[in-house]
1. Excluding A:Phe105 itself, what net charge comes from residues whose Cβ is under 13 Å from its Cβ, given Lys and Arg +1 and Asp and Glu -1?
2. May I ask you to list the residues of the stretch A:78-118 whose amide nitrogen lies under 20 Å from a point 7 Å from Cα along the Cα→beta-carbon direction of B:Ser58?
3. In terms of Cα to Cα distance under 23 Å, which lysines are near enough to A:Lys75, apart from those fewer than 8 places away along the same chain?
4. Go ahead and run the numbers for FRET between B:Ala3 and A:Ser74, Cβ-Cβ distance against an R0 of 45 Å, rounding to 0.05.
5. Below 16 Å, Cα to Cα, which lysines can B:Lys55 reach? Residues fewer than 8 away in the same chain don't count.
6. For A:Leu113 paired with B:Ser78, estimate the spin-label separation in nm (one decimal), with each label point 7 Å from Cα along the Cα-to-Cβ line.
7. Check each of the trypsin sites (Lys or Arg not before Pro) in the stretch B:1-58 and keep only those in coil by DSSP with at most 11 other C-beta atoms within 10 angstrom; list them in order.
8. What is the sum of charges, Lys and Arg at +1 and Asp and Glu at -1, for the other residues whose Cβ falls under 13 Å from the Cβ of A:Leu45?
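Here, each number is a calculation from the coordinates, and none is a lab measurement. Predicted, not measured: the structure shown is a model, and the values here were computed from it. Backbone-built Cβ (ideal geometry, glycine too); neighbour counts: all protein chains shown.
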Amino acid sequence: EVQLVESGGGLIQPAGSLRLSCAASGFTVSSNFMSWVRQAPGKGLQWVSVIYIDGRTYYADSVKGRFTISRDMSKNTLFLQMDFLRAEDTAVYYCVKAGPWNHYFDYWGQGTLLTVSS
Amino acid sequence: QSALTQPRSVSGSPGQSVTISCTGTSSDVGGYNSVSWYQQFPGKAPKLMIYDVTKRPSGVPDRFSASKSGNTASLTISGLQAEDEADYYCYSYAGSYIWVFGGGTKLTVL
């Protein structure tokens, strides 16, 4: 059974840094396209970042240069390093297993809440 | 990276059919056969309902169907049931390694 369990969210001050983790089971992270999707309180979904099977990474313009997606093959875990955080980054962050070329998301984690506030 | 355009809300009575539109441009919806649709209940993670424009994952009722014409994709729910009341989002590749969601549509079952 595919499972995705995020952790690492919390309250952080503006300009701070935080790393989200997503422990996967039931499949191999490095053999799949993996993304992060976020949802601000009361708002819609926003794609944030993807890591391809070959290791290439891509980001939404709003986080480019501040966020870094990565994976640990030995731990079968996906990460999102978030630096220079802003209030507008406040959201529930979902770890998602993507279909080929990130064209759809077939499994979602339960989400972890990040709040950026002073 | 503009969001795809969806109606903010749609409604229908049990047994009826409703259609949710997702309008983009030739650079996203119209340019690729990569539209997918998600159902989300309050406080829950989204669930994949349709992928590759028209395909239904196993376990999704065949009451859910989808199509695309030009720059607009559509999700149709036939035989509406109370349990279908949720938020629905479309999603598409937008080229240049950018992906976009629609703004979301709240479906109310009257």
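1. With Lys, Arg at +1 and Asp, Glu at -1, the net is +1.
2. A:97-100, A:104-108
3. Straight-distance partners of A:Lys75: A:Lys97.
4. Rounded to the nearest 0.05, the efficiency is 0.75.
5. Once the sequence-local lysines are set aside, what remains near B:Lys55 is B:Lys47, B:Lys68.
6. 4.1
7. Hits after loop and neighbour filter: B:Arg8.
8. Cβ neighbours under 13 Å give a net charge of +3.
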